[in-house]
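The values are calculated or read from the model by the stated rules, or taken from the named source; none is laboratory data. Everything numeric in this text was worked out from a predicted model, so none of it was measured. All Cβ positions, even for glycine, are placed from backbone atoms using ideal geometry, and neighbour counts span all protein chains on display.
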There are 2 protein chains.
Amino acid sequence: MSLIVQKYGGTSMGDPQRIKVVAERLLQTQRQGNSVVGVVSAMSGVTDSLLRLAKEVSSKPLERELDMLLATGEQTTSALTAMAIEALGGRAISMTGAQAGIVTNTFYTKAKINRIFPQQILSFLHEGFIVIVAGFQGETSEGEITTLGRGGSDLTAIALASALQAHECQIFTDVDGVFTCDPRLVPQAKKIDLLAYEEMLEMASSGSKVMQSRAVEFAKKFNVPFEVGHSFKTIPGTRVQEESPGMEQVVVRGISVERNQAKVTITNVPDHPGYAASIFSAIAEAHLIIDVIVQDVSAYGTTNISFTLSNEELDKMGDLLEQIVQSIGAGEVRKESGIAKLSVVGIGMRTHSGVAAKLFECLAQGGINIQMISTSEIKIAVIIDEKNIQQAAELTHQAFGLDQ
Amino acid sequence: MSLIVQKYGGTSMGDPQRIKVVAERLLQTQRQGNSVVGVVSAMSGVTDSLLRLAKEVSSKPLERELDMLLATGEQTTSALTAMAIEALGGRAISMTGAQAGIVTNTFYTKAKINRIFPQQILSFLHEGFIVIVAGFQGETSEGEITTLGRGGSDLTAIALASALQAHECQIFTDVDGVFTCDPRLVPQAKKIDLLAYEEMLEMASSGSKVMQSRAVEFAKKFNVPFEVGHSFKTIPGTRVQEESPGMEQVVVRGISVERNQAKVTITNVPDHPGYAASIFSAIAEAHLIIDVIVQDVSAYGTTNISFTLSNEELDKMGDLLEQIVQSIGAGEVRKESGIAKLSVVGIGMRTHSGVAAKLFECLAQGGINIQMISTSEIKIAVIIDEKNIQQAAELTHQAFGLDQ
């Protein structure tokens, strides 16, 4: 008998009708001879409306109280899913993160899982129950409710699969799997059958928002293979697992696109040690998230430092940058929105040279100007004008043979 | 320094604006030099919409899962209230029933409180926090979430006041207190300043739905005096406490009215021991709640048995009564809706005779026919046609001098 963990996202929990379909699927999985744990997200939109409520009573709600508030969303769907399974003639029991034995640290709103005590779940599985765990949440060792950050139900599923030594972990969502590129941009995009954790990580963090990055990191760290697929389809999704030798034969696995980005340039930063650090410390202290950073070659004792971030984060910056510029005696701040990031991702890059050249050449042929470049071992990312992004994605997709 | 428990009902939690007003009141109470525990209900309407969701996924949801589901309503408002207090510059912390140390038995949806471990609350109070407890809920000793039945937040407040040995327990709601009669029926009705637990109990269970009866019973059992008042007004409400000698001087304290009642008569029930019992056992087994029962004087070896119940309960009876009639060989079932119950309540009745006579006389003068009569030590109730209820209430209110 196999133990299977299935996670269902917010759109799969969107209304009672969908919850009944999910219940049917969980029950079917059990009837095929498996022990089944379901991890459920809140109904789509619920987390946002709870956050709106919080904003209406407090401009800066305490994070402990936010977690107390937000955890109710998944508790609700876990109970509804268990009821729906029982209504179909199955046996099911819902559990909060705390009841499921998920112990976290005390970093409210983005807690880390310290340990999982799976005894309670295992004993219910043993009695033949389908166990439905409220995703996205845990409890500190003091009994305080915590949440695991946006998309945290993915992490709940992966971590439970690891603690329960599950045979399968299936992440069900509203897409068929991970694609070679966003099909809305590139209609020729194809579903990827097999991905290495590292590739999934780059795809996840570079805009293919299929899954929470922290969940993928956790899966990589503890080697928990999983599959990403569609909640309401039975076709196979994308399998994500440890890198294997055969995987390197594909040089570029997929193209990830991130829109709605902005670029900030600080000019004439005095070229002294520690000045760049002071810029980015101030940004980090304000909990703002930036992405690509580029520093020009120094000339005449000063340098220009540029970085990208989402438009949303740019809005949050307020006059922080002006303060920084003043404090370090730099030139001025230039802000530019309407840019986008395109990344080509693949483990095969490590052993194949020429990927960067091919990418730049292909963009040049399309007359697309590259504003910034950033690379990692298995990824090359370019920042371009947002209006060129579709053309760039199509050209690149074709150039690396992802259509075939 | 006094310890005060304040409970706020669902309409006081109706929207973020109201929650802010409640937060202000809790904070003010603390600033007057008190330790403050707030007990909050779910936002009005939330419990019902959760129940609707449950009904959509299951025609007969498991009670354990219902409790898991319903408990989220109060968890939500407890977090929002704590946030609102912090936003006003106070210090507050929210707690689920479980975190507040409320341990119940396992009778899901109507659990009884077994014990309260108040150490956690006391230690937060000691640190200067206003503690906001999610009402209506507790936890079994196994860590399962339970709820205390409709209006259970009242019970949470009274039980916490008892466990914490609070100096004051204030039940805030959307009325100014308990009235001599429903002011919508009798505009001359006056707020009652002081009531004995027993009187409150009769008023609560006879239709003055200001508070949950079980909460009043608990208050009586453990002698927890409390006050019922308006969430958004500072005028004194109704104080409820142990009976004191002076209280008996008022013969009738108030008049309680219950509308939307129905009457069922089973004719020609064979006059053998055990037949009446078998009728009411069958009704009890079906979890139907009936109120007044009257049996005619037996004649020719058979008798008629009548009882009242709410219209709602009558709808739930289905063909249960026909089955009973058949099984005991009785005559027929007559159902009649459109009746109402009027009760006069007062501890003084015990020592004053003539209350019944005065009531009947006053109704007779109004030409109002009495269909059934039921009495307790401190209450006389009559069943009359619903169309006469306003006239009956006004006549009685005047006859017993409650207008003065």
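Kindly provide the set of residues from the stretch B:13-56 that are under 19 Å from B:GLY97 (Cβ atoms), of a type in the set (S, T, N, Q) and buried (at least 23 other Cβ atoms within 10 Å of the Cβ), ordered by number.
Hit for the stretch B:13-56 is B:SER41, nothing else.
Checking A:LEU88 against (1) more than 7 Å from every other protein chain (Cβ to nearest Cβ); (2) touching a Lys or Arg at 6+ places or on another chain (Cβ under 9 Å); (3) free of Cβ contacts under 8 Å to residues at least 60 places away in the same chain, which test does it fail?
Condition (3) is where A:LEU88 drops out.
Could you tell me which numbered condition A:LEU80 fails, if it satisfies all but one of (1) touching a strand residue (DSSP E or B) at 6+ places or on another chain (Cβ under 7 Å); (2) closer than 17 Å to A:LYS7 by Cα; (3) at the interface with chain B (Cβ under 8 Å from one of its Cβ atoms)?
Against the list (1) touching a strand residue (DSSP E or B) at 6+ places or on another chain (Cβ under 7 Å); (2) closer than 17 Å to A:LYS7 by Cα; (3) at the interface with chain B (Cβ under 8 Å from one of its Cβ atoms), A:LEU80 comes up short only on (1).
Which residues, counting only those in the stretch B:296-313, are outside any strand (DSSP E or B) and of a type in the set (S, T, N, Q)?
B:SER298, B:ASN311
Scanning the stretch A:260-294 for residues that are in a helix (DSSP H, G or I) and of a type in the set (Val, Ile, Thr), which turns out surrounded by the fewest Cβ atoms within 10 Å (Cβ to Cβ)?
A:ILE283
Restricting attention to the stretch B:1-53, report how many residues are part of a helix (DSSP H, G or I) and over 20 Å from B:VAL228 (Cβ atoms). Spell out the reasoning first.
Our first condition is that a residue be part of a helix (DSSP H, G or I); within the stretch B:1-53, this holds for B:11-13, B:16-31, B:46-53.
In the following step, the residues that additionally are over 20 Å from B:VAL228 (Cβ atoms) were identified as B:16-17, B:19-20, B:23-24, B:27, B:30-31, B:46-53.
Summing the residues that are part of a helix (DSSP H, G or I) and over 20 Å from B:VAL228 (Cβ atoms) in the stretch B:1-53 gives 17.
Looking at (1) in a helix (DSSP H, G or I); (2) closer than 24 Å to B:ILE373 by Cβ, which one does B:LYS316 not meet, given that it meets all the others?
Evaluating B:LYS316 over (1) in a helix (DSSP H, G or I); (2) closer than 24 Å to B:ILE373 by Cβ leaves (2) as the failure.
Of the conditions (1) in a helix (DSSP H, G or I); (2) in contact with a helix residue (DSSP H, G or I) (Cβ under 7 Å, 6 or more places away or on another chain); (3) touching a residue at least 12 places away in the same chain (Cβ under 8 Å); (4) not aliphatic (A, V, I, L, M), A:ASP67 fails just one. Which one is it?
The number of the failed condition is (2).
Which condition number in (1) of a type outside the set (D, E, K, R); (2) crowded, with 19+ Cβ neighbours inside 10 Å; (3) closer than 30 Å to A:ALA399 by Cβ; (4) in contact with a Ser or Thr (Cβ under 9 Å, 6 or more places away or on another chain) is the one that A:VAL297 fails?
(2)
On the basis of being modelled with pLDDT of 95 or more, out of contact with any strand residue (DSSP E or B) (no Cβ under 8 Å at 6 or more places or on another chain) and within 12 Å of chain A (Cβ to nearest Cβ), does B:ILE132 make the cut?
Working: modelled with pLDDT of 95 or more: yes; out of contact with any strand residue (DSSP E or B) (no Cβ under 8 Å at 6 or more places or on another chain): no; within 12 Å of chain A (Cβ to nearest Cβ): yes.
Taking the combined requirement at face value, the residue does not satisfy it.
The rows are residues; the columns are (1) under 23 Å from A:VAL178 (Cα atoms); (2) surrounded by fewer than 19 Cβ atoms within 10 Å (Cβ to Cβ); (3) free of Cβ contacts under 8 Å to residues at least 40 places away in the same chain; (4) not polar (S, T, N, Q).
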position: A:GLN323; (1), (2), (3), (4): no, yes, no, no
position: A:ALA340; (1), (2), (3), (4): yes, no, no, yes
position: A:GLY348; (1), (2), (3), (4): yes, yes, no, yes
position: A:SER376; (1), (2), (3), (4): yes, yes, no, no
position: A:ALA392; (1), (2), (3), (4): yes, no, no, yes
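Of everything in the stretch B:59-77 that's under 24 Å from B:GLU139 (Cα atoms) and at the interface with another protein chain (Cβ under 7 Å from one of its Cβ atoms), which residue is surrounded by the most Cβ atoms within 10 Å (Cβ to Cβ)?
Filtering the stretch B:59-77 down to residues under 24 Å from B:GLU139 (Cα atoms) leaves B:60-77.
Keeping just the survivors that are at the interface with another protein chain (Cβ under 7 Å from one of its Cβ atoms) gives B:61-62, B:65, B:68-69, B:72, B:75-76.
Details: B:PRO61: 23, B:LEU62: 22, B:GLU65: 27, B:MET68: 29, B:LEU69: 27, B:THR72: 26, B:GLN75: 26, B:THR76: 27.
The residue in question is B:MET68.
Which is in contact with a helix residue (DSSP H, G or I) (Cβ under 6 Å, 6 or more places away or on another chain) and hydroxyl-bearing (Ser, Thr, Tyr), of A:SER281, A:SER244, A:SER256? Before you say what the answer is, go through the steps one by one.
Working: A:SER281 fails: in contact with a helix residue (DSSP H, G or I) (Cβ under 6 Å, 6 or more places away or on another chain); A:SER244 fails: in contact with a helix residue (DSSP H, G or I) (Cβ under 6 Å, 6 or more places away or on another chain).
From the options A:SER281, A:SER244, A:SER256, the qualifying one is A:SER256.
Considering each of B:GLY329, B:GLY318, B:GLY354 in turn, give the residue that is surrounded by fewer than 20 Cβ atoms within 10 Å (Cβ to Cβ) and touching a residue at least 12 places away in the same chain (Cβ under 8 Å). If you could, list the steps in order and put the result at the bottom.
Numbers: B:GLY318 fails: touching a residue at least 12 places away in the same chain (Cβ under 8 Å); B:GLY354 fails: touching a residue at least 12 places away in the same chain (Cβ under 8 Å).
Of B:GLY329, B:GLY318, B:GLY354, the one residue that is surrounded by fewer than 20 Cβ atoms within 10 Å (Cβ to Cβ) and touching a residue at least 12 places away in the same chain (Cβ under 8 Å) is B:GLY329.
Taking helices (runs of 4 or more DSSP H) that fall entirely within the stretch A:320-402, which contain at least 3 residues that are in the same structural domain as A:THR302 (by TED's automatic domain parsing), under 16 Å from A:ARG259 (Cβ atoms) and aliphatic (A, V, I, L, M)? Don't jump to the end; show me each part of the working.
Details: elements: A:320-328, A:355-365, A:389-399.
Ranges flagged: A:389-399.
Which ones in the stretch A:91-105 are more than 9 Å from every other protein chain (Cβ to nearest Cβ) and among the hydrophobic types (A, V, I, L, M, F, W, C)? Lay out the reasoning, then the answer.
Pass one, the stretch A:91-105, residues more than 9 Å from every other protein chain (Cβ to nearest Cβ): A:91, A:97, A:100-105.
Once the filter is applied, which keeps residues that are more than 9 Å from every other protein chain (Cβ to nearest Cβ) and among the hydrophobic types (A, V, I, L, M, F, W, C), the stretch A:91-105 yields A:ALA100, A:ILE102, A:VAL103.
Could you please find all residues in the stretch A:263-313 being among the polar types (S, T, N, Q) and in contact with a strand residue (DSSP E or B) (Cβ under 8 Å, 6 or more places away or on another chain)?
Our first condition is that a residue be among the polar types (S, T, N, Q); within the stretch A:263-313, this holds for A:265, A:267-268, A:278, A:281, A:295, A:298, A:302-304, A:306, A:308, A:310-311.
Listed by number, the residues that qualify are A:THR265, A:THR267, A:ASN268, A:GLN295, A:THR302, A:THR303, A:ASN304, A:SER306, A:THR308, A:SER310, A:ASN311.
Can we say A:THR47 is β-branched (Val, Ile, Thr), at pLDDT below 95 and over 16 Å from A:VAL131 (Cβ atoms)?
Numbers: β-branched (Val, Ile, Thr): yes; at pLDDT below 95: yes; over 16 Å from A:VAL131 (Cβ atoms): yes.
Here the answer is yes, as A:THR47 does meet what is asked.
Pairs please, first residue from the stretch A:112-135 and on the phi < 0 side of the Ramachandran plot, second anywhere and of a type in the set (Asp, Glu) and surrounded by 21 or more Cβ atoms within 10 Å (Cβ to Cβ), Cβ atoms under 6 Å, 6+ apart in sequence or on different chains.
A:ALA134/A:GLU74; A:GLY135/A:GLU74
How many of the residues in the stretch B:9-47 are within 14 Å of chain A (Cβ to nearest Cβ) and in contact with a Lys or Arg (Cβ under 7 Å, 6 or more places away or on another chain)?
So the answer is 1.
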